[in-house]
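What follows is a single structure, written as structure tokens, with notes after it.
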Amino acid sequence: QTKQRSISAFFKTS
Amino acid sequence: MFEARITQGSVLKKLVEALKELVTEGNFDVSNTGLSLQAMDSSHVCLVSLTLREDGFDHFRCDRNMAMGIHFGNLSKILKCAGNEDTITLKAEDNADQLTLMFEAPSQDRISDFDLKLMSIESEHLGIPDQDYSAEVKLPSSEYQRIVRDLTSIGDTVLISATKEGIKFSTSGDVGTANITLRHNTTPEKPEEQTFIDLKEPVALTFALRYLNNFSKATPLAPQVKLSLTKDLPIVVEYQVGELGSVRFYLAPKIDD
């Protein structure tokens, strides 16, 4: 099983 | 006020066609350095980052920073009314609720203008760090398009692995399995037909093909595309738009549950 994380989890909110 | 003129209006048409299915709406951020857009798709799995430099336009003026909320489906409808050879000028007053698009035919005998209603869009801005990637691959954009299209007909996800042997795209589905390997190849005379693999360390990541396939709608913008990969990080699929700037797509990898 694979899952998909939100792209925003990889970048900081600026 | 804001005013930006581009002689090669077809570039704007192609850009919006490349984005409109992925992102329904987003802010055009304009400043004296140019025009940029950062937007996520509706499922927040991928991010589009568009940068168009001020000096890439034939004329550019921006007196004040503005965020112009654009519905891309509506912008596409208007840009479809521009001829492929038209010069396009974008114009907006400060704090305007509309963006004016003016199209001029090369012969100057047809001039049209359209006003696009702007939207108010709340969007969080993500900081994307500059970083080194384990593998960077430049390949013909038509080759990338072909690979992701072919694999989409076989499976839902693709394992992309970069090793010193080359870059391999693997998928499987009800039909069976598929593997496509590209090797570093600078034999073709034309640089845009060459494949460059810059490998710092081997890397393998899995992605949803649906999105990689969608990114290839940007193919008409550039003869080459660059894929950047690092373990556990989003892939970057980047198209250089001539001297004007670039469009980058970031897609989160699939990870084992």
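Summary table below
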{"quantity": "Tabulated pairs, the range B:88-100, first without any contact (Cβ under 8 Å) to a residue 60 or more places away in the chain and over 15 Å from B:Ser120 (Cβ atoms), second exposed (fewer than 15 other Cβ atoms within 10 Å of the Cβ) and of a type in the set (Lys, Arg), C-beta under 8 angstrom, 6+ apart or interchain", "calculated": "none"}
{"quantity": "Enumeration of residues in the range B:184-232 that are in contact with a helix residue (DSSP H, G or I) (Cβ under 9 Å, 6 or more places away or on another chain) and assigned to a strand (DSSP E or B)", "calculated": "B:Asn185, B:Thr195, B:Gln224, B:Val225, B:Leu227"}
{"quantity": "Leading residue by the ranking (surrounded by the fewest Cβ atoms within 10 Å (Cβ to Cβ)) among those in the range B:23-43 that are of a type in the set (Ser, Thr, Tyr) and in a strand (DSSP E or B)", "calculated": "B:Ser31"}
{"quantity": "Qualifying residue in the range B:102-115 (condition: within 30 Å of B:Glu192 (Cβ to Cβ) and either within 20 Å of the chain's Cα centre (by Cα) or of a type in the set (Gly, Ala, Ser) (or both))", "calculated": "yes"}
{"quantity": "Any hit, the range B:51-64, residues being in contact with a Phe, Trp or Tyr (Cβ under 8 Å, 6 or more places away or on another chain), closer than 27 Å to A:Thr13 by Cβ and within 14 Å of another protein chain (Cβ to nearest Cβ)", "calculated": "no"}
{"quantity": "Qualifying positions in the range B:107-126 - part of a strand (DSSP E or B) and without any contact (Cβ under 8 Å) to a residue 60 or more places away in the chain", "calculated": "B:Ile111, B:Ser112, B:Asp113, B:Phe114, B:Asp115, B:Leu116, B:Lys117"}
{"quantity": "Selection status of B:Ser172, among the polar types (S, T, N, Q), out of contact with any Phe, Trp or Tyr (no Cβ under 7 Å at 6 or more places or on another chain), surrounded by fewer than 18 Cβ atoms within 10 Å (Cβ to Cβ) and within 16 Å of B:Lys254 (Cβ to Cβ)", "calculated": "yes"}
{"quantity": "Residues within the range B:242-257 that are touching a residue at least 60 places away in the same chain (Cβ under 8 Å), over 16 Å from B:Gln38 (Cα atoms) and in a strand (DSSP E or B), tallied", "calculated": "1"}
{"quantity": "Residues within the range B:158-177 that are touching a helix residue (DSSP H, G or I) at 6+ places or on another chain (Cβ under 6 Å) and either in contact (Cβ under 8 Å) with a residue 40 or more places away in the chain or more than 24 Å from B:Ala218 (Cα to Cα) (or both), tallied", "calculated": "1"}
{"quantity": "Flag for B:Glu124 being surrounded by fewer than 18 Cβ atoms within 10 Å (Cβ to Cβ) and within 14 Å of chain A (Cβ to nearest Cβ)", "calculated": "yes"}
{"quantity": "Meets criteria (crowded, with 22+ Cβ neighbours inside 10 Å and either under 24 Å from B:Gly34 (Cβ atoms) or more than 14 Å from chain A (Cβ to nearest Cβ) (or both)) for B:Phe215", "calculated": "yes"}
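Taken together, the values in this text are just the output of simple stated rules run on the coordinates, not laboratory data. Not measured: the values here are computed from a predicted model. Cβ atoms come from the backbone with ideal geometry, glycine included; neighbour counts cover every protein chain shown.
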